[in-house]
Amino acid sequence: MTTVLNAEAIGAPTQLMIAGRWMDASDGRTFEVDDPATGEVIAFVADASVDDGLAAVSAAAAALPAWSATPPRQRAELLRRTFELMTQRADDFARLIVRENGKALTDARGEVAYAAEFFRWYAEEAVRAEGHVQTAPAGTNRILVLRQPIGVSVLITPWNFPAAMATRKIGPALAAGCTVVLKPASDTPLTALAMGALLAEAGVPAGVVNVLPSRRSGPVVTAMLHDPRVRKLSFTGSTEVGRGLLQQAADCVVNCSMELGGNAPFVVFDDADLESAVAGAMVAKMRNGGEACTAANRFLVQRGIAGAFAGRLTEAMGALRVGPGLEEGVQLGPLINAAGREKVESLVAGAVREGARLTVGGTAPDGPGFFYPPTVLVDVPADAAILREEVFGPVAPVVVFDTEEEAVALANDTEFGLVAYVYTRDLQRGLRFSEALESGMVGLNRALVSDPAAPFGGVKQSGLGREGGHDGLLEFMESKYIAVTW
Ligand code: NAD
C-alpha cells in the first residue's frame with residue numbers, strides 16, 4: 001500500500017499512472033518526497049520498477065495507433081482543454097510545486113502560467129504539421145514530404161521546473177500524435193502525477209500519457225531505451241546524465257532531443273543602462289532562486305561600469321526576503337536538497353580561496369531546510385572553478401573585462417552554450433556580439449528568453465534539438481518522403 005502523509009495538503013496522486021490506471025509499483029516499493037523548506041517527508045510515492053517501465057511502454061504502444069489516427073483538430077481540442085483546466089487550477093499547482101521543490105510562490109505561479117502555455121501553443125500547432133510538395137530538379141517526378149508522428153516517446157524531466165519541463169514535452173508530443181511515458185525527477189514527482197490526472201480529466205485517452213516516478217531511473221530508463229517500440233527520447237537534465245543516455249540511445253538508434261546544462265554569461269558593457277542591467281541581472285540570476293539552466297552564472301562587466309554594477313547588484317540581492325516558499329512576501333525559497341546546498345557552499349568557498357571577495361551573503365543559516373542566502377562575489381579570477389560549473393543557486397560572481405574581444409572570449413570559454421545575456425545601448429554592437437556568442441539563445445537587453453512560441457535549446461554540450469515553437473513539434477515527427485510520378 002502506498003502511504004501518503006498530509007494527503008489533503010499535497011492533493012496529488014502518489015501512484016504510477018499506466019494505461020489510465022493508478023497503481024503501486026510491481027514490487028510495492030515507494031520512495032519519500034521531502035519539503036526542502038523543512039526537510040520533512042511530505043509523501044511516499046510509488047517507485048517504478050523495470051517491469052513497470054516496460055508495462056508503461058506497452059501501454060503507450062497500444063495507445064499509439066488510435067492516438068496518431070485521431071484527427072489533429074481533436075487532439076488540439078484536448079490540449080486546449082488541458083490548458084484551460086491547468087489555468088483554472090493554477091494556484092493548486094503552484095502550491096504543490098512549492099511543497100516539493102521549495103521555490104517561492106511567485107516563482108511557482110510564474111512557472112504554472114508558463115507551463116500551461118505549452119498546452120495552448122501546441123493546441124494551435126497540432127493542426128499545422130505541414131509537409132510539402134516539389135518537382136524533382138530533373139523534372140521526372142514529384143517529391144512529397146509528409147510529417148508523421150515519431151512514435152512512443154520517453155520523456156525525462158528535472159526537478160527545477162516540475163511542471164514546465166513536462167508540458168514543454170507532453171504538449172508537442174501529443175500534438176504530433178505520439179504517446180508518451182513521462183519519468184519525472186524523483187525530488188519532484190507529485191506535480192507530474194497531478195499533471196497526468198489533469199490530462200486524463202481533460203479527456204486524453206488512457207495510455208497516451210503514462211507517468212512513471214522512479215528512484216531506480218538508471219535501470220528503468222535503460223530497459224525502456226532498449227525496447228524497440230521506443231522511438232524517441234526527450235531529456236531535460238544535466239549534461240553528465242545526458243551524455244550517458246545518448247550512449248545508451250545509440251544501441252537502438254533512438255532519436256534524441258537533449259536539453260542539458262548551461263553556464264550563461266551575463267555581459268554588461270560600459271554604455272548599458274545601469275538600472276535596466278541590474279534589474280535584468282536580478283531576473284536572469286534569481287528567477288527560480290538561481291536553480292535554472294538559463295540562470296546567469298557569470299557576470300562579465302566592463303571596467304567602467306563594474307563598480308557601480310556590483311554595488312547595485314549587492315544592494316538588490318541583499319534586500320531579497322528569504323524564507324519558506326509558501327510564506328507571504330518571500331522572494332527566495334530553499335535550495336532543492338542537502339546535496340544542492342553543499343555544491344553551492346563548496347563553489348563559493350573555492351572562489352574565496354582563489355581570491356574572490358564576498359560583498360553579501362556567503363553563509364548558510366542554521367536551522368531546518370536547505371536555505372542559502374543571496375550572494376555576490378567580486379574580484380573573481382577569470383579561471384575560478386565557480387565560473388566553469390553551473391552554480392544552481394543564488395550566487396552571482398562578477399568578473400571585469402576591458403574590450404569586446406575579451407568579453408567574447410570569456411563568454412565562449414565554456415563547454416556549455418545554452419543562453420547568454422548582453423546589455424548595451426549600442427545596437428550594432430549588441431547584434432554583432434550576439435552573433436559571435438556560442439549559444440543557442442541570446443537575451444539582448446532582456447533577461448527572460450523562455451517563451452513557448454520560441455525555439456529553446458543549446459549548442460555545444462548544452463544539448464541537441466529545440467523545444468517550443470514550431471521546431472518543438474518537429475522534434476516529435478519524422479519526415480516521410482514519397483517519390484511519385486503523375
Ligand atoms: P539530472 O540530470 O540529475 O536528472 C534529470 C532527470 O534524469 C531526472 O528525472 C533524473 O531522475 C533522471 N536521471 C538521473 N540519472 C539517470 C540515469 N542514469 N538514467 C536515466 N535517468 C536518469 O538533472 P537535475 O538535477 O534533475 O536537473 C538539473 C539539471 O537540468 C541542470 O544541469 C540544468 O541545467 C538542467 N536543465 C536543463 C534545461 C534545459 O532546457 N536545457 C532545463 C532545466 C534544467
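Here are the numbers for this structure:
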| quantity | calculated |
| --- | --- |
| Selection within the stretch 1-58 - assigned to a helix (DSSP H, G or I), of a type in the set (A, V, I, L, M) and at pLDDT 95 or above | Val50, Leu54, Ala55, Ala56, Val57 |
| Hits in the stretch 159-184 - residues which are under 27 Å from Val41 (Cβ atoms), near the ligand (Cβ under 9 Å from one of its atoms) and under 11 Å from the mean Cα position of the chain (by Cα) | Trp159, Asn160, Phe161, Ala164, Met165 |
| Residue ID - nearest to the chain's Cα centre (by Cα), chosen from residues in the stretch 434-448 that are surrounded by 21 or more Cβ atoms within 10 Å (Cβ to Cβ) and assigned to a loop (DSSP other than H, G, I, E, B) | Gly440 |
| Residue match in the stretch 356-369 (condition: within 16 Å of the ligand (Cβ to nearest atom), out of contact with any Ser or Thr (no Cβ under 7 Å at 6 or more places or on another chain) and more than 24 Å from Gln461 (Cβ to Cβ)) | no |
| Filter result for Leu198 (under 30 Å from Leu448 (Cα atoms), of a type outside the set (Gly, Ala, Ser), surrounded by fewer than 18 Cβ atoms within 10 Å (Cβ to Cβ) and more than 10 Å from the ligand (Cβ to nearest atom)) | no |
| Top-ranked residue of the stretch 223-243 - restricted to ones that are free of Cβ contacts under 8 Å to residues at least 40 places away in the same chain and within 9 Å of the ligand (Cβ to nearest atom), ranked as surrounded by the fewest Cβ atoms within 10 Å (Cβ to Cβ) | Glu240 |
| Any hit, the stretch 201-219, residues being more than 14 Å from the ligand (Cβ to nearest atom), hydrophobic (A, V, I, L, M, F, W, C), within 27 Å of Thr87 (Cβ to Cβ) and surrounded by fewer than 23 Cβ atoms within 10 Å (Cβ to Cβ) | yes |
| Test: residue in the stretch 420-437 that is within 16 Å of the ligand (Cβ to nearest atom), β-branched (Val, Ile, Thr), outside the structural domain of Asn160 (by TED's automatic domain parsing) and at pLDDT 95 or above | no |
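Per-residue answers, yes or no, for (1) modelled with pLDDT under 95; (2) more than 24 Å from the chain's Cα centre (by Cα); (3) more than 27 Å from Ala12 (Cβ to Cβ); (4) not assigned by TED's automatic domain parsing to the domain that holds Arg429:
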site: Pro213; (1), (2), (3), (4): no, no, no, yes
site: Val230; (1), (2), (3), (4): no, no, no, yes
site: Gln247; (1), (2), (3), (4): no, no, yes, yes
site: Met282; (1), (2), (3), (4): no, no, yes, no
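The values are calculated or read from the model by the stated rules, or taken from the named source; none is laboratory data. Computed from a predicted model, the values in this text were never measured in an experiment. Using ideal geometry, Cβ is built from the backbone for each residue, glycine included, and neighbour counts are taken over all protein chains shown.
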